[in-house]
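Q: For reference, the structure I am asking about is given below.
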Amino acid sequence: MSPQTLVTILVFAPLLGAIVAGLFGRRIGHVPSMAVTTGLLFLSCLIAWINFVANFNGAPKFLVELLPFIQIGDFQSTWSIRVDTLSSVMLVVVTSVSALVHLYSWGYMAEDDSKPRFFAYLSLFTFAMLALVTANDFMQLFFGWEGVGLASYLLIGFWFKKPTANAAAIKAFVVNRVGDFGFALGIMTVFWMFHTIRFDQLFPLIPSMLNKGWDFAGQHWSALDLAGALLFVGAMGKSAQFFLHTWLPDAMEGPTPVSALIHAATMVTAGVYMVCLLSPIYEHAPVARDIVIMIGAITSLFAATVGLAQNDIKRVIAYSTCSQLGYMFIAAGVGAYQAGMFHLFTHAFFKALLFLGAGSVIHAMHHEQDMRAMGALRKKIPVTWAVMMIGTIAITGLGIPEIMGHGLGFAGFYSKDGILEAAYKAGLSNPTANFGFLVGLAVAGLTAFYSWRLIFMTFEGKPKWGAHPHDDHAGHHAQIESHSEPDTHGHDDHGHGHGHTPHESPWVMLVPLLVLSVGAIAAGFVFAPYFIGEDHDAFWRGAIFVSANNHVLNEMELPAWVTWSPLAVSVLGLLVACYFYLLKPELPPRIAAQKGPIWTFLYNKWFFDEIYDFIFVKGAKLLGDLFWKVGDQKLIDGLGPNGFARASLEGGKRVAKVQTGYVYHYAFVMLLGVLGLLSYGIWLAS
């Protein structure tokens, strides 16, 4: 088959699986539904890797135009499959993680009675993501963008009988709509400027629009900066960046495989992919790029600090995702799009590994998610411990910097250090990039601390399986806690009890973990030369545009402190975690019990949920009451229909008083009428 036919099968195979499992799942049964969806995902994954290898061998990029989508005047959209290096990387990431999540779910969801629906949602989500990353115009990109939003709503709220799951799904949907409104405005701005939404027609026209804009308040405002900023608002929502991040930790209410799929490699990375895809715009929009750096750096710092104080194992990893996405946006903002995509690539392996590893821990603990109720699991679940260690070493970026021209470390070491080095180079001429470098360096230390904290609280120390440390363990799972509580536990509860001994997960769950471990170990040193090294030009082949004055990936001599400081802060974070959770494990509970201002601030996630509830939820309710009780009831109804009705009623009552029923009253009125007529006649005669 031709490459064009293969990639068409790649994109639409998950959709076919979703249709079969979703519409016919009850009729054909659980196992056939799971087999069809999983088999088609592995088929897509195989084709994606074939296409990826072909890209290494110099296969030309191509475009498959399938059918017209929307055609109105200049607004021409065709459903297409665009295959170049950038989309090939995303195809591998999306299909690999999704296929392994499908396989993992065979074991994790074994006791659920809605498996066809679950697997249909997974495949539908994957199809929407594939449509997004292969789009050749903004319309198809927006279709995939909204498609993953819809599918994420269905997956997060999969256990719809839980009020917390429903609330989390609605929250994710609403917050993403806020970002998507900005994204739609950005698309409109681009169409207003260029009269096209096709990328292959749009990108060559960008240099001709460098001076397009308007003068306001004594400043010239660039239209490209406006378009870039508005498009980035969409990325902020989808990639859970600062201000629009609040949906991400609550999304942990969904099953753990959903967390791995949505938050490791697909939905949350869509914003990073979009910024890198639109590099021809951002390379000529310096203000928008600075906004990307600032938001990415603040998000990275915010999420890392919040992760320090969380106790739910999935929430710690969720905030870690938020922080790592900030790293990717720092890279894109300083112009190191290739480094951002490299971190997206490596992050997919070790973050999916950590999420699925956390699912294995939860499975071993009979669906307990609070790390304070764990401990001493290393000998009980050794395979899970080993893969979680690999994922932790990868995310913390532990490794030996370049000595004799070669570094040594797991996947995250190469991509994280590449971002920090690029930010340092850009910071020599851009203070905003320098801010990103300094924040990224600090966050590396925080990441090491909370990542090793998770490992030590979960696998080391004394076992705490018998009694819950902070509430009645017998009733802990009998009730569904309110989502407004600072520390909620969206347990993946399928009905197990808690009189148990932790046990290792079945091999259908462990095999995906072992495969992802290989990626977490090897993806860095195998692919670093191609993504950000000496072969990056030949690898990307123009899929990412870099302007002539962008030198952040060029070789330059770096100070020794820049090369070694990421390792230094990561080791420092590890040592501090060792002190608190291995040498002095009684200190963290004592600090938490004191509920000091810093701990309270971090534990309550900077109080964003409370602030948003006060401003937006209660504010919207207050505004609605104002419009309803004052505007609608008193003004519109009071002066309109109700006012006329009331006036008619009062008038009728007054007129009714004239109708007394006495004959002499009527005779008197008639006499008055006669007198009136005579008076009028006399007046006319005179």
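Q: Could you pull out the residue among 123, 105, 80, 96 that is in a helix (DSSP H, G or I), of a type in the set (Ser, Thr, Tyr) and closer than 29 Å to residue 336 by Cβ? Before the answer, list the steps.
A: Values: 123 fails: closer than 29 Å to residue 336 by Cβ; 105 fails: closer than 29 Å to residue 336 by Cβ; 80 fails: in a helix (DSSP H, G or I).
Answer to the check: 96.
Q: Being touching a strand residue (DSSP E or B) at 6+ places or on another chain (Cβ under 9 Å), under 19 Å from residue 55 (Cβ atoms) and part of a helix (DSSP H, G or I) is the requirement here; does residue 523 meet it?
A: When the stated conditions are applied, residue 523 does not pass them.
Q: Filter the helices (runs of 4 or more DSSP H) completely within segment 204-284 down to those with at least 1 residues that are among the hydroxyl-bearing types (Ser, Thr, Tyr), in contact (Cβ under 8 Å) with a residue 60 or more places away in the chain and in contact with a Lys or Arg (Cβ under 7 Å, 6 or more places away or on another chain). Steps first, please.
A: Values: elements: 223-238, 247-250, 256-260, 270-277, 279-282.
Output list reads 256-260.
Rundown of residues vs (1) within 30 Å of residue 397 (Cα to Cα); (2) without any contact (Cβ under 8 Å) to a residue 12 or more places away in the chain, yes/no style:
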| position | (1), (2) |
| --- | --- |
| 579 | yes, yes |
| 606 | yes, no |
| 622 | no, yes |
| 633 | no, yes |
| 652 | no, yes |
| 659 | no, yes |
| 668 | no, yes |
| 683 | no, yes |
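Q: Something else: Mind counting the residues in segment 172-203 that are open to solvent by 30 Å² or more (accessible area, probe 1.4 Å), in contact (Cβ under 8 Å) with a residue 24 or more places away in the chain and either assigned to a loop (DSSP other than H, G, I, E, B) or among the polar types (S, T, N, Q) (or both)?
A: Residues flagged as open to solvent by 30 Å² or more (accessible area, probe 1.4 Å), in contact (Cβ under 8 Å) with a residue 24 or more places away in the chain and either assigned to a loop (DSSP other than H, G, I, E, B) or among the polar types (S, T, N, Q) (or both) within segment 172-203 amount to 1.
Q: Okay, moving on. If you take the residues in segment 39-93 that are closer than 24 Å to residue 18 by Cβ and hydroxyl-bearing (Ser, Thr, Tyr), which one is surrounded by the fewest Cβ atoms within 10 Å (Cβ to Cβ)?
A: Looking at residues that are closer than 24 Å to residue 18 by Cβ and hydroxyl-bearing (Ser, Thr, Tyr), I get 78.
Q: May I ask you to say which residue of 298, 330 is open to solvent by 10 Å² or more (accessible area, probe 1.4 Å), at pLDDT 95 or above and within 18 Å of the chain's Cα centre (by Cα)?
A: The conditions single out 298.
Q: Let me ask something additional. Check segment 158-171 and report whether any residue there is surrounded by 24 or more Cβ atoms within 10 Å (Cβ to Cβ) and either acidic (Asp, Glu) or under 30 Å from residue 200 (Cβ atoms) (or both).
A: no
Q: Also, quick follow-up: Against the condition in contact with a Leu (Cβ under 9 Å, 6 or more places away or on another chain) and either under 28 Å from residue 604 (Cα atoms) or surrounded by fewer than 24 Cβ atoms within 10 Å (Cβ to Cβ) (or both), how does residue 373 come out, does it pass?
A: Here the answer is no, as residue 373 does not meet what is asked.
Q: Let me ask something additional. Being buried (at least 21 other Cβ atoms within 10 Å of the Cβ), within 25 Å of residue 203 (Cα to Cα) and over 16 Å from the mean Cα position of the chain (by Cα): is that true of residue 138 here?
A: yes
Q: Quick test of your reading of the structure: residue 408 fulfils all but one of (1) aliphatic (A, V, I, L, M); (2) part of a helix (DSSP H, G or I); (3) more than 25 Å from the chain's Cα centre (by Cα). Name the failing condition by number.
A: Going through (1) aliphatic (A, V, I, L, M); (2) part of a helix (DSSP H, G or I); (3) more than 25 Å from the chain's Cα centre (by Cα) one by one, residue 408 breaks only (2).
The values are calculated or read from the model by the stated rules, or taken from the named source; none is laboratory data. Since we're looking at a predicted model, the values are computed, not measured. Virtual Cβ from ideal backbone geometry, glycine too; neighbours counted across all protein chains shown. Side chains included, ligands, DNA and RNA excluded: accessible areas come from the protein's heavy atoms. Shrake-Rupley method; radii C 1.70, N 1.55, O 1.52, S 1.80 Å.
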